[in-house]
Structures are given as C-alpha cells and as structure tokens.
Amino acid sequence: MAPYLSMGEAHRRIADYLSRVADSISSSDGAALASLLAVSSAPPSTPLSDALSAFPDFPRLAADRYPHLSDLLPTLLRAIHSHSLIRFADAYSSFEKAANAFLQEFRNWETPWAMEAMHTVALEIRLLAEKADRELATSGKNPDKLQAAGSFLMKVFGALAVKGPKRIGALYVTCQLFKIYFRLGTVHLCRSVIRSIETARNFDFEDFPVKDKVTYMYYTGRLEVFNENFLVADQKLTYALMHCNPQYEANLRRILKFLVPVKLSIGVLPRITLLERYNLLEYADVVTSLKRGDLRLLRQALERHEDQFLKSGVYLVLEKLELQVYQRLVKKIHIIQRQKEPAKAHQIKLEVVVKALKWLEIDMDVDEVECIMACLIYKNLIKGYFAHKSKVLVLSKQDPFPKLNGKPV
C-alpha cells in the first residue's frame, strides 16, 4: 500500500509530469517524450501513479493547464492510473484515445522529430492490448483489444507511408503489426502491408534501420515457410540471421528455429554443435535420421516434439523430410550392394527395401514401397526406372542420387 500523500504533493507531481510532456513537445525532444509515453513497463506503484490515486480530479487539471493538449493528456493520465490499478482493459481503452490524439498531433508536425515517441506509442498499444486481452479472457469476456490495436497501427502506417522523411518509421510499425497478426492467427493480413513496403516507390528498403529490417525479414521469412516457399524463406531468414546483432543470442535462436527446418527441406544439414549452442536440440534426431536414412528415428523425433513443432508451424515442413530419408536409405542399400555384387549394384530389389524398413520396425509391403520409389523418381531424388514384373528398381549409372543443391523437394 502506498504511503499517505497530501493533495498538495500529489498536485505537484502531476503538474510536473504534465509540464515535462508539454515541454518535450514544445522543444521537439523526441527521446524525452518517448520515455514519458511508456506505460506498460511501469510497476504498480510509482510517484506519479500514487499521485493520481490521491488526486482524483487529475483529468480536469490536465485539460485546464494545457487546453491545446486536452485530447491527449487526460486520457494518457487515465491510462497510467488504470494500469497502476491492474485494470488493463481500462488502461488500453484510455491509451488508445491518447494514441489517436497523439497521432493527430504527429500528422501536423512537419518533421519526424517525434518518430521515437510514435514508435513508443506503437509498441505500448500492442503491449497494453496483450495485457488487456489476457484480463478479458480470464474474466470470460471477448478479448478484442489486440485486434483494435492492429486497426490503430494501420492508421499509423498510413500516416508514415507517404513521401517525406516520416516514411523511415514505417517498417517499425509494420513489424508491430506482424506481431499482432501472428499472435491473432490472422497472418493473411500481413500481405497488404508487405505489398506497400515492397512495391511502393516511397520506400527504399536499405534506408530503414537495420534492426527493423532484421525483424521484417524474420516475419516475412516465417510467412514464406507457412506458404512452403522455402527458397524465398531461406533468403529472408538468412538475411535476418546475417544482420542480427550477434550479442542477441535469443534473437538468433528465434531465427534459427525456422531457418533450420527450411535448410533441411533444401538438403542443407546443420552441425550438431550449432544446435547445441542455440538450444535447438529438438532438431538433432531429425538431422541424424537424414544422415542415416533412419525413418523410424525421424518419426520418433516428430512424435516426441510434436507439440513444439506444431506450435511453431514447422511440423509439416519436417514431415515432408521423409522423402529425403527414403532417398538416403536406398543410397545406403546401393552402397552395401555395390560392395557385395558390383555388377548388380544399380539393381535394387524392392524386397530388400521392405526388409530394411522392417529392420527399422516399419511394416510395408512391396506395393507400398514401389509407390514411394515412384515418388522419389518423380521428385528427382532418384534417377532410374522400374522393372515392374521383377519388382526391381534400376538406378541410373550416372548420378543415381541427385543432390538437392538448395532446391526444395
């Protein structure tokens, strides 16, 4: 419980805060203004929040002192007050009103001096919306604040996506939108924003800050994973990895979490030491199964980490690696057969493949194996043809097992 605070002291603290906000605007001090607009990271009790609790008439004080900011300051104080009382839905509603008022002011300012403050507003509205939705869901109400935050950020994006110096801040807001859409499961909404960034003449991607470009490439790379455009996903996620600050290992891990399955899908196997360094050992058995041609190990790995892979959206990507495992299995059989019977090394009886699978505790008949081999030939993972009557796979004598060379199956 906060200690007793006199009305006079409470009045002084609130007046001091209001003065600092107004001064930062009049002096075009974006950094100072940004720090004053941060709400979500504040602890329940601060000198300002204690003053707001002791002085209930703070909205009128703000409006009377600074009538030209009467749409911004009273609602901003209400947001700070509600947040300190752990009333997150109320805090969000008040902050959204303050954010709209700030956006209107921002539009009127000719220079981008307040860009850092605008970015703080964009971040805060997302974080407050997440807190509000958790509170609403817990109380059995409709958690709709994050969706509302997305609508507000689209207005911010519209204000930035214009010719002039303010456009440099558009990518940061885009990344905040991505985070909202991914959390809500509405990733299809990312497309319109991506088109604006990648096709509009207003933007030169290289002009954006590096940290924003890394975040953008990370999320657009994830989108390409979902759409199974693995070559594009590889390019985007690799860009994010190469330009990410090496000191931020948690961010490197987030990127690799999606880049590793993408690399696997195009035939590039990571070293186990990389997986160990970034705590991505859920992929270790997947990599080993590809090296050995061990279908049982792959399926065990997918089953063991199913929830994790499903949650991150890479399960189907990893499941499709079965074809590469079959290719490796046939290649191992071919190598063994070449040692025993060099003259017939390119002729592999399907019964032999059936036996190898049975040794791995996977029961398949010859017809099922024939279908899989046909698929491998169609996908250019094996060069050869069938001698259907004798149930023999005849391998090409030149490069019977083509490498993927960076192309997805």
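The values are calculated or read from the model by the stated rules, or taken from the named source; none is laboratory data. Please read these numbers as outputs of a predicted model, since none were measured by experiment. We place every Cβ from the backbone using ideal geometry, glycine too, and count neighbours over all the protein chains shown. Remember, those area values only see protein heavy atoms, side chains included, never the ligands or the DNA or RNA. Shrake-Rupley method; radii C 1.70, N 1.55, O 1.52, S 1.80 Å.
If R0 is 60 Å, what FRET efficiency do you get for residue 396 and residue 71 from their C-beta distance, rounded to 0.05?
0.20
If you place +1 on the Cβ of every Lys and Arg, -1 on the Cβ of every Asp and Glu, and leave all else neutral, what size is the dipole of segment 76-167 about its Cα centre, to the nearest 20 Debye? Mind dumping the intermediate values first?
Numbers: 13 positive and 10 negative charges, 34 e Å.
In total the dipole reaches around 160 debye.
First compute the accessible area of the chain with a 1.4 Å probe, then give the percent of it belonging to carbon and sulfur atoms.
Values: 10760 of 20720 Å².
Here it works out to 52 percent.
Leaving ligands, DNA and RNA out of it, work out the accessible area of residue 304 with a 1.4 Å probe and give it in Å² to the nearest 10.
Here the residue's solvent-accessible area equals roughly 130 Å².
Arrange the residues 286, 366, 210 by how much accessible surface each exposes, largest first, with a 1.4 angstrom probe.
Sorted by accessible area, descending: 210, 366, 286.
Near the amide H of residue 384, under 5 Å away, which other amide H atoms are found, from residues 5 or more places off or on another chain, if H is placed in the peptide plane?
Those qualifying (amide H under 5 Å, at least 5 residues apart or on another chain) are 396.
For the pair residue 23 and residue 87, how long in nm is the line joining their label points, each one 7 Å along Cα→Cβ?
The answer from the label model is 3.1 nm.
Quick check: from the Cα gyration tensor, does segment 327-395 come out rounded (a/c under 1.5), prolate or oblate? Walk me through the numbers before you get to the answer.
Details: a/c = 1.40, a/b = 1.09, b/c = 1.29.
Rounded, because the longest to shortest axis ratio a/c is under 1.5.
Once Rh is set to the Kirkwood radius over Cα pairs, what Stokes-Einstein translational diffusion coefficient, in µm²/s, holds for the chain at a temperature of 10 °C and a viscosity of 1.306 mPa s?
For the chosen part, D equals 63 µm²/s.
Which number do you get for Rg(Cα) / (2.2 N^0.38 Å) in segment 1-75?
With N residues counted in segment 1-75, Rg over 2.2 N^0.38 Å equals 1.10.
Using each residue's phi in segment 292-301, evaluate 6.51 cos²θ - 1.76 cosθ + 1.60 at θ = phi - 60° and report the 3J(HN,Hα) Karplus result to the nearest Hz, with x for Gly and Pro.
Along segment 292-301, the couplings run 8, x, 9, 5, 4, 5, 4, 5, 5, 5 Hz.
Quick one: what do you get for segment 245-293 if you divide its Cα Rg by 2.2 N^0.38 Å?
1.13
Would you work out if segment 277-319 is rounded, prolate or oblate? Take a ≥ b ≥ c from the square roots of the eigenvalues of the alpha-carbon gyration tensor; rounded if a/c is under 1.5, else prolate when a/b is larger than b/c, oblate otherwise.
oblate
Using the Cα centre of the chain as origin and beta-carbon charges of +1 (Lys, Arg) and -1 (Asp, Glu), tell me which of 199, 73, 242 is placed farthest towards the positive end of the dipole.
242
By how many degrees, between 0 and 90 and to the nearest 10, does the Cα long axis of helix 7-26 differ from the longest principal axis of the chain?
The angle comes out at about 60 degrees.
Take the Cα gyration tensor of segment 7-208, multiply each eigenvalue by 5, square-root it, and list the three semi-axes largest first, rounded to whole angstrom.
Taking √(5λ) for each eigenvalue gives 30, 22, 11 Å, largest first.
Search the structure for amide H atoms under 5 Å from the amide H of residue 347, placed 1.01 Å from N in the peptide plane, and list their residues when 5 or more places away or on another chain.
Answer set, sorted by chain and number: 395.
Across segment 131-146, in residue order, what do the Karplus-derived ³J(HN,Hα) couplings come to in whole Hz, using 6.51 cos²θ - 1.76 cosθ + 1.60 with θ = phi - 60° and x for Gly and Pro?
Those phi angles translate into 4, 5, 5, 5, 5, 5, 5, 5, 8, x, 9, 6, x, 10, 6, 5 Hz.
Normalised by the residues of the chain, what does the relative contact order come to in percent, with Cα pairs under 8 Å and at least six apart?
Relative contact order for the chain comes out at 9 percent.
Could you give the size of the charge dipole of segment 1-52 about its Cα centre, using +1 on the Cβ of each K and R and -1 on the Cβ of each D and E, expressed in debye and rounded to the nearest 20?
It comes to approximately 60 debye.
If I take R0 = 35 Å and measure r between the Cβ atoms of residue 137 and residue 279 in this structure, what FRET efficiency does the formula 1/(1 + (r/R0)^6) give, to the nearest 0.05?
0.70
Probe radius 1.4 Å, ligands and nucleic acids left out: which of 373, 7 has the largest accessible area, and how do the rest follow?
Final ranking, largest accessible area leading: 7, 373.
In segment 7-208, how many lysine pairs have Cα atoms under 20 Å apart, counting only pairs 8 or more places apart or on different chains?
For segment 7-208, the number of qualifying lysine pairs is 11.
Between residue 163 and residue 7, what's the calculated FRET efficiency when r is the beta-carbon distance and R0 is 56 Å? Round to 0.05.
About 0.65, to the nearest 0.05.
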